[in-house]
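Q: Before I ask anything, here is the structure I am working with.
Where a number appears in this text, it was derived from the coordinates with a stated rule and is not lab data. The shown structure was predicted, so the numbers you read here are calculated from the model rather than taken from an experiment. Glycine also receives a Cβ, built like all others from the backbone with ideal geometry; neighbour counts cover every protein chain displayed.
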Amino acid sequence: MTVMISHPDKDKAVNLVKHLVNRKLAACGHVFPPGTSVYRWKGDVLIESEVMIVLKTASDCGEELVSEVKKNHPYEVPEILFQPIDGGSADYLSWIMESVVAGSGGAADRKGFV
């Protein structure tokens, strides 16, 4: 699956991705250039600069990945959205599965990308 996470700081976002890859919760991640985010928070409309993180991982990494993001993210309620991977290069998808380890199950117990 792919995971989208917004973050207010590019350098800290890169560090978060590195942390998740080191923990084998993501095979890789990209931090995209800052954009302008307009959102409602606690009754106010805010306009802020944010970067977007896109990770590639396996679905069974989701729970632990969310926990790690929440521990290492400055927002009270960080954006963490999952999107299934419906297909793609078999070699690349295999590389993702081989690159991540969720919980105690390991690669042999992978449920897939959905």
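Q: Between helix 62-71 and the chain, what is the angle of the helix's C-alpha long axis to the longest principal axis, kept within 0 to 90° and rounded to the nearest 10?
A: The answer is roughly 40 degrees.
Q: Taking the simple approach of a point 7 Å from Cα along Cα-to-Cβ for both Glu48 and Thr36, what is their distance in nm?
A: Simple spin-label model gives 1.7 nm for this pair.
Q: While we're looking at this one, here's another question. Given the DSSP H assignment, sum -39500 (n - 2.57) over each helix run of at least 4 residues in the chain and divide by its residue total; what's the result at 222 nm in deg cm²/dmol, nearest 500?
A: -9000 deg cm²/dmol
Q: Enumerate the lysines that Lys70 could reach by cross-link, defined here as Cα to Cα under 21 Å, with residues fewer than 8 away along the same chain left out.
A: Those lysines meeting the cut-off are Lys10, Lys12, Lys18, Lys24, Lys42, Lys56.
Q: Then there's this: What number in nm² do you get for the chain if you take the convex hull of its Cα atoms and divide its surface by four?
A: Average of the hull's projected areas for the chain equals 7.4 nm².
Q: Which residue, Val31, Val17, Met97, has the largest displacement toward the positive end of the dipole of the chain when charges sit on each Cβ (Lys, Arg +1; Asp, Glu -1)?
A: Working it through, the farthest residue towards the positive pole turns out to be Val17.
Q: At 0.36 nm per residue, minus the direct Cα-Cα distance, what do Glu63 and Met4 gain on full extension? Give it in nm, one decimal, please.
A: 19.8 nm
Q: Using unit Cβ charges (K, R positive; D, E negative) and no other charged atoms, how large, in debye to the nearest 20, is the dipole of the chain about its Cα centre?
A: Once rounded to the nearest 20, the dipole reads 140 debye.
Q: OK, next. With a bin width of 10 angstrom, please list the P(r) values of the stretch 22-86 as percents of all Cα-Cα pairs, from the 0 bin to the one holding the largest distance.
A: 17, 47, 29, 7
Q: Also, I was wondering about something else. Would you calculate the separation in nanometres between label points at Tyr75 and Asn22, each defined as 7 Å from the Cα along the Cα-to-beta-carbon direction?
A: A separation of 2.4 nm, rounded to one decimal place.
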